């Protein structure tokens with residue numbers, strides 16, 4: 001398996017809300033992040049939604065001249081579940097939500113978790129679980145706009161304190177409020193040397 005080196009163009013998966021009703025600050029921040037990401041030469045892998053954080057990620061990448069791969073289940077189109085971003089350079093339809101997630105996970109070199117709802121949290125917990133089990137060694141960056149993930153981090157630390165989570169798992173992802181610092185982290189990320197068995201062990 002190949003991992004990205006500093007200065008190498010990456011395919012970055014952004015998970016985030018599809019809701020069109022969230023505060024505009026989340027839209028602006030993600031759109032600006034995605035534009036900077038594209039200007040640095042990176043491309044976007046995302047859930048192909050046209051609204052909310054997903055739409056912001058696509059518009060920002062487009063503004064920065066980046067390549068966009070959208071992945072969405074067929075029933076979203078057939079049942080009009082949500083508006084689809086049609087300006088993707090590549091748009092892939094899947095049979096299920098599970099297939100959609102797997103395709104996005106496999107097609108990217110790093111993950112950005114932006115503010116979102118239950119779908120976003122499901123995606124975060126899946127990629128961190130897979131990393132804990134040694135199925136990938138990709139960077140996971142949390143874009144903590146307006147302290148959105150503060151409560152999650154408190155809960156994660158409580159899980160570790162109560163031995164429901166290995167302490168090492170808290171180091172498998174990192175929080176950022178600054179877009180440039182987040183992208184620097186992804187570009188310079190070095191996979192951990194410890195094995196998944198060490199991460200799974202609870203002292």
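For segment 140-174 and segment 104-131, what is the separation of their Cα centres, given in Å?
That distance is 14 Å.
Okay, helix-only estimate at 222 nm for the chain: each DSSP H run of n ≥ 4 adds -39500 (n - 2.57), divide by all residues, round to 500 deg cm²/dmol; what do you get?
It lands at -12500 deg cm²/dmol.
Hey, rough spin-label estimate for residue 184 and residue 39, points 7 angstrom out along Cα→Cβ, what's it come to in nanometres?
In this crude label model, residue 184 to residue 39 measures out at 1.6 nm.
Length gain on complete extension for the stretch residue 78 to residue 24, per 0.36 nm per residue less the alpha carbon to alpha carbon distance?
Computed gain between residue 78 and residue 24 is 16.6 nm.
Would you kindly state how much longer the chain becomes between residue 98 and residue 154 on full extension, computed as 0.36 nm times their sequence separation minus their alpha carbon distance, in nm to one decimal?
17.3 nm
What does the C-alpha gyration tensor say about the overall shape of segment 11-186? Classify as rounded when a/c is under 1.5, otherwise prolate if a/b is larger than b/c, or oblate. Show your work: numbers first, answer last.
On the way: a/c = 1.58, a/b = 1.36, b/c = 1.16.
It is prolate, given that a/c is not under 1.5 and a/b is the larger ratio.
Label segment 49-127 by shape, choosing from rounded, prolate and oblate, from the square roots a ≥ b ≥ c of the eigenvalues of the Cα gyration tensor; if a/c is under 1.5 it is rounded, and otherwise prolate applies when a/b is larger than b/c, oblate when it is not.
Rounded is the answer for segment 49-127, as its axis ratio a/c remains below 1.5.
Mind checking which of 16, 117, 64 has the largest fluctuation in a GNM of the chain, springs on alpha carbons under 10 Å?
Taking springs between Cα atoms under 10 Å, the residue moving most is 117.
Most mobile of 168, 116, 47 per a Gaussian network model of the chain (Cα springs, under 10 Å)?
Fluctuation is largest for 168.
All of the numbers you see were taken from the coordinates with simple rules; none came from a lab. All values derive from a computational prediction rather than experimental measurement. Note: ideal-geometry Cβ built from the backbone for every residue, glycine included; neighbour counts use all protein chains shown.
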